[in-house]
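Reviewing the structure listed below.
We did not get these values from a lab; they are worked out from the coordinates using the rules stated. In this text the structure is predicted, and so the values were computed from the model without any measurement. A quick note on method: Cβ atoms are made from the backbone with ideal geometry, for glycine too, and the neighbour counts reach across all protein chains shown.
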Amino acid sequence: MGICWTKRIRSTDSYETSKLSAAVAPSSSPLYDFSNRFQLFGLELCPFTARIRIALQHKGITVNPTWLTSQDLKAKTKEWMAPVCPKGKLPVLQHGEKRICGSTDEILEYIETTLCEPPLLLLGSFEKDVKDWVGYVRDTFSPLIEQVLYGKNPYGQQDLETKLHAAFAKLDSGIWEHSKEGPYFMGKDFSLVDVYLIPFLELVHPLAYFRGIEISSLHSYLLGYTKRMVSFPSYVSVKVDIELLQSSAAKLLAEGAPPAVVTVTILQHRSILWHMEKLVELADELAVAKQGMAPVKALVGMKVKKLCKVYGQLVEVMQEHAQMEERVVFPAIEKAANGATEHSNGDHARDLPIMNGIREDIKSVLAIEPGSAIYSEALLALAIRLRTFKAYATNHFQEEEMQLLPLLEIAGLGSKQQANLICRCMTVMEASHTHLLPYLLLGLQAHEIHEYISTLQKCFENDKKSTFLMRMVQSLRDADEDFEHVWKVVEERIPALAISWSTSLEN
């Protein structure tokens with residue numbers, strides 16, 4: 001019997017050739033063999049194509065897919081494409097005279113109907129559960145993975161990430177419920193749920209590398225499944241090469257990246273907010289510390305001095321960031337939408353007195369005798385003021401990212417214009433990209449450090465700019481042990497840059 005889907009195929013259930021650079025030959029092409037055998041045409045790293053390969057493998061059918069590229073498409077005319085895939089969608093399954101194009105659901109339904117054994121639908125008491133979980137993986141989990149990994153909108157990523165973690169939790173509970181009697185999602189029997197799930201769980205690898213998102217250790221059943229699935233008989237012979245998958249993801253992300261100045265601005269926002277949160281945590285700790293004994297007083301005094309130093313670094317970065325926006329980013333936005341940045345400029349004017357006021361509060365705390373009642377009150381007031389300032393900054397950055405920065409994307413900035421803007425940004429933020437660079441990058445995750453440095457690197461093409469880049473690398477290499485992690489990320493993720501720095505020293 002056929003597969004009765006809980007929801008029909010969506011437009012996202014195939015990859016467009018414009019996105020993944022692939023095409024397919026019509027039945028008149030010598031690629032097609034009309035003997036009663038299966039042929040598969042698609043993209044090597046496409047998870048939808050992988051679902052078909054896994055299903056065929058489970059049925060005992062080994063196919064040698066015909067992988068197609070953008071060169072195949074460019075070499076042919078539209079007439080070549082139209083008979084098979086009018087909308088340019090893959091994959092395509094050919095079985096003798098029968099051809100099914102684009103819809104993974106329809107192809108898998110054909111496979112299940114034509115090749116009844118061993119079944120993937122698991123008829124009987126498990127049938128409804130299989131259909132429900134297939135629908136969830138197809139319609140909720142898979143699109144979320146793609147949106148978080150390849151999404152071109154950097155402004156809504158946090159909400160998507162929250163939804164993805166919730167999806168991980170739901171899958172974890174499903175595996176716990178159904179896999180008690182065997183290694184597969186539904187237990188002892190491999191099913192359509194596995195077919196749909198495995199190719200998108202493989203995307204967790206590039207997801208961790210490029211987005212910093214991993215399956216939590218709390219989801220032990222899902223983690224165990226991801227480890228087991230690579231040895232499933234129906235998948236082991238068709239599994240993808242992870243390095244090849246990450247390389248492909250890198251190219252797609254580069255093609256869909258927002259303007260460089262947008263990336264740099266957003267990542268600076270994240271770093272600033274991270275450092276502000278650390279300051280708030282330190283101030284809260286000091287405000288509640290009991291200071292009766294001399295050693296405790298001394299420790300609190302040392303931490304207050306540390307807070308003073310770190311706050312000074314933060315203020316310097318924030319002041320340069322504000323100048324960068326006022327002198328470079330906002331003027332570029334104004335060209336696209338006159339008057340759009342007036343409110344944000346007002347926020348900058350408001351924030352400067354607040355920052356200076358907090359600096360004076362810290363100086364006052366340093367001048368008060370540790371352990372006194374007024375000392376504790378001053379620390380509590382400082383913690384409240386820092387927390388309030390962080391809330392202001394968070395709202396300000398969110399407004400910029402949701403309302404202003406998208407205007408730069410619709411402005412249609414060319415690569416040369418983007419490089420020029422970045423060069424001007426670095427001129428304004430020179431301190432933040434020399435002696436303060438380790439501090440700035442400390443507020444970012446490993447994948448964000450990689451993205452930030454790589455974005456700047458792409459814009460630095462001539463010798464003058466390359467010299468500035470080498471100064472940046474020098475500041476990272478010479479930073480003290482508090483920032484050792486940052487340099488390790490650069491060495492591991494951008495080894496060519498670290499090697500270039502070493503070579504420049506030798507020369």
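Of the residues 282, 45, 425, the one whose Cα sits farthest toward the positive end of the charge dipole of the chain, with +1 on the Cβ of Lys and Arg and -1 on the Cβ of Asp and Glu, is 45. Using a cutoff of 8 angstrom between alpha carbon atoms and counting only pairs six or more residues apart, the relative contact order for the stretch 140-240 works out to 27 percent. Phi angles of the stretch 400-413 translate, via the Karplus equation with coefficients 6.51, -1.76, 1.60 and θ = phi - 60°, into HN-Hα couplings of 4, 6, 8, 10, 9, 4, x, 5, 5, 6, 7, 6, x, 5 Hz per residue; Gly and Pro are given as x. Based on C-alpha pairs under 8 angstrom that are at least 6 apart in sequence, the chain has a relative contact order of 13 percent.
Treating r as the C-beta distance of residue 496 and residue 372 and R0 as 51 Å, the FRET efficiency rounds to 0.35.
Taking label points 7 Å from Cα along the Cα-to-Cβ direction, residue 316 and residue 98 give a separation of 7.1 nm.
Karplus-based coupling profile of the stretch 440-454, in residue order and whole Hz: 4, 6, 4, x, 10, 6, 4, 5, 6, 4, 4, 5, 5, 5, 5, with θ = phi - 60° in 6.51 cos²θ - 1.76 cosθ + 1.60 and x standing for Gly or Pro.
Scalar couplings 3J(HN,Hα) for the stretch 489-500, obtained by applying the Karplus form with A = 6.51, B = -1.76, C = 1.60 to θ = phi - 60°, are 4, 4, 4, 6, 9, 10, x, 4, 5, 5, 5, 4 Hz; x denotes Gly and Pro. Once the Cα-Cα distance is subtracted from the 0.36 nm per residue extended length, the residue 230 to residue 468 segment shows a gain of 81.2 nm.
Using Cα pairs under 8 angstrom and six or more residues apart, how large is the relative contact order of the stretch 429-490, in percent?
51 percent
The stretch 375-412 to the stretch 168-225: how many Å between their Cα centroids? Using only Cα atoms to place each centre, the spacing works out to 37 Å.
The structure shown yields Rg/Rh (Cα atoms, Kirkwood Rh), and of the options [x] 1.02; [y] 0.98; [z] 1.06 that calculated value carries the label [z]. Within the same chain, aspartates and glutamates fewer than 8 places from residue 59 are excluded, and of the rest, those with a Cα less than 15 Å from its Cα are 109, 112, 117, 189, 194.
Within the same chain, aspartates and glutamates fewer than 8 places from residue 152 are excluded, and of the rest, those with a Cα less than 12 Å from its Cα are 255, 409. Protection proxy ranking, highest mean first, for peptides 261-270, 391-400, 352-361, 206-215: 261-270, 206-215, 391-400, 352-361, where packing is the per-residue count of other beta-carbon atoms within 10 Å, averaged.
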